Structures are given as C-alpha cells and as structure tokens.
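Asker: Dumping the structure here so I can ask a few things about it.
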Amino acid sequence: KPFDSAESVFEHLPGGGIRASINHELMSGMTIDQLIWWFHNIDKRTTFNGQDFCGTEIDCYKLWHPHDHVKVSWHKRLTNHEGQILPGSVIHIQERFGSFSINERTRVTQFDRAAFNFEMGILGVKIGHLLHLYEEVDLGVKYQTEMEIKCRLPIVGSFITWLACRFFAPEPKIRAWMIHNVEEVGESEKFIPQLYSDAMSRT
C-alpha cells in the first residue's frame, strides 16, 4: 500500500528524542487470531506463492515485504505451557529499507491480544520502544505502530538520546522505516489469512 494510505506523524520530542506514529489502513478481513498466529510463526517457511501452496519454499518473513526483508529468527524464544511467546524473548531482525540496513536484536516487552511490543537498547541501555497495537473490529483489524527513540535515564538520558538519534536512529532512517512499515503492514491481508487457514487445516 502507498504511504498515504496510513495516517502518520513524525515528532521531535521536548528535551530531545523522536517519535514516529502510524495509524494504518484497516487490515481488511483479518482477525486477531490470524495476526497472533502470524507473529508466532513469523520465522517459519512456506510454499505460498500468492495463489496456492505450490510455489518454491521461502521464508514467510519475505511475504511481509518481499523487497526489504532479509531474515528473522528468535535469538531467545521463551514460551509458556501453551507455546505462547513470553516477554523477555529476543528477536533478531535483518532487513533493508531505503539506504539503511538493519541487523539487530530486540527484546519483547508485551505480547498478547492487544499488543506486540519491543524494547530497543544499546549495550543494555534502553533507548526507545517499538509498539504494535491492534484491535479487531467488524471488517478487520485496526493496527497502529509507534517507534520512539528517547532514553529516560536521569542525568545521562539526554546525552544517550542525542547519541541514539545521531548514530543509531537518525531522522532519515526513521522516516525511511515509516514508509517500510506502511508497506509491510499493507501486505498482511494478502497472505496471513491464507497461511493461517492452511495451518489450521493441518492441525
């Protein structure tokens, strides 16, 4: 989907830091069950080719953004007795967007039927967050994303924020990510329901 299909806001925060918020166009025809299943199986492989399951086996992650996505894997996958991913799990993401390359690990802080959230850090210091918030409505799923870069530690927080915004997540990188995020979320309704239906038929 094009960038203007979503409502987006880029902000410079008081005292330093930046925040990018995106209210995506409705994920038409999707359910929370499908979305939760997708996040649990984001690191799997599939033969889905856009029409059926007779294609070449590929990483499911590439369906979410065939051009930008490289690889996703769980560096640490904590689960409960039902197999649900728990906070404290660490995901390893490799992707490219614009002129930027991402090869990072980020820690899950919340994963339930309302949100899939991450803490962003450098050398064990939290410098921000990435939030995925969702709600099922009559015609699909409402989906919002927020990335914030701001260290809230006392005394040194403003300096770490400056470093993070200068070297880790400068404004051009965040703006490029916003375009990437709208594009990947827009692909969700094109393949997640099919993968979910296929998986349920084999259980």
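Asker: I'm trying to understand the selection: among the residues of segment 80-103, which are part of a strand (DSSP E or B) and either touching a strand residue (DSSP E or B) at 6+ places or on another chain (Cβ under 6 Å) or hydrophobic (A, V, I, L, M, F, W, C) (or both)? Steps first, answer last, please.
Answerer: As a first pass, look at segment 80-103 and keep what is part of a strand (DSSP E or B): 85, 90-97, 100-103.
I85, V90, I91, H92, I93, Q94, E95, F97, F100, I102, N103 - these are the residues of segment 80-103 that are part of a strand (DSSP E or B) and either touching a strand residue (DSSP E or B) at 6+ places or on another chain (Cβ under 6 Å) or hydrophobic (A, V, I, L, M, F, W, C) (or both).
Asker: Tally up the residues in segment 177-203 that are open to solvent by less than 50 Å² (accessible area, probe 1.4 Å), touching a helix residue (DSSP H, G or I) at 6+ places or on another chain (Cβ under 7 Å) and more than 15 Å from F39 (Cα to Cα), please.
Answerer: Going through segment 177-203 one residue at a time, the tally reaches 2.
Asker: Which residue pairs have Cβ atoms under 6 Å apart, sit 6 or more places apart or on different chains, and have a first residue in segment 25-45 that is surrounded by 18 or more Cβ atoms within 10 Å (Cβ to Cβ) and a second that is of a type in the set (D, E, K, R)?
Answerer: Filtered contacts from segment 25-45: M27/E189; M30/E189.
Asker: Does segment 164-171 include one or more residues that are without any contact (Cβ under 8 Å) to a residue 60 or more places away in the chain and assigned to a loop (DSSP other than H, G, I, E, B)?
Answerer: Yes, segment 164-171 contains a residue that is without any contact (Cβ under 8 Å) to a residue 60 or more places away in the chain and assigned to a loop (DSSP other than H, G, I, E, B).
Asker: Can you pull out every residue in segment 68-108 that is polar (S, T, N, Q) and either open to solvent by 60 Å² or more (accessible area, probe 1.4 Å) or closer than 16 Å to I42 by Cβ (or both)?
Answerer: S73, T79, Q84, S89, Q94, S99, S101, N103, T106
Asker: If you go through segment 141-153 one residue at a time, do you hit one that is under 19 Å from I102 (Cβ atoms), hydroxyl-bearing (S, T, Y) and crowded, with 18+ Cβ neighbours inside 10 Å?
Answerer: Within segment 141-153 (the criterion being under 19 Å from I102 (Cβ atoms), hydroxyl-bearing (S, T, Y) and crowded, with 18+ Cβ neighbours inside 10 Å), the answer is yes, since at least one residue qualifies.
The values are calculated or read from the model by the stated rules, or taken from the named source; none is laboratory data. This structure is a prediction, so every number in the text was calculated from the model and none was measured. Cβ sites come from the backbone with ideal geometry, for glycine too, and all protein chains shown count toward neighbours. Each accessible area value is taken on the protein alone, full model and side chains, heavy atoms only, with ligands, DNA and RNA left out. Shrake-Rupley method; radii C 1.70, N 1.55, O 1.52, S 1.80 Å.
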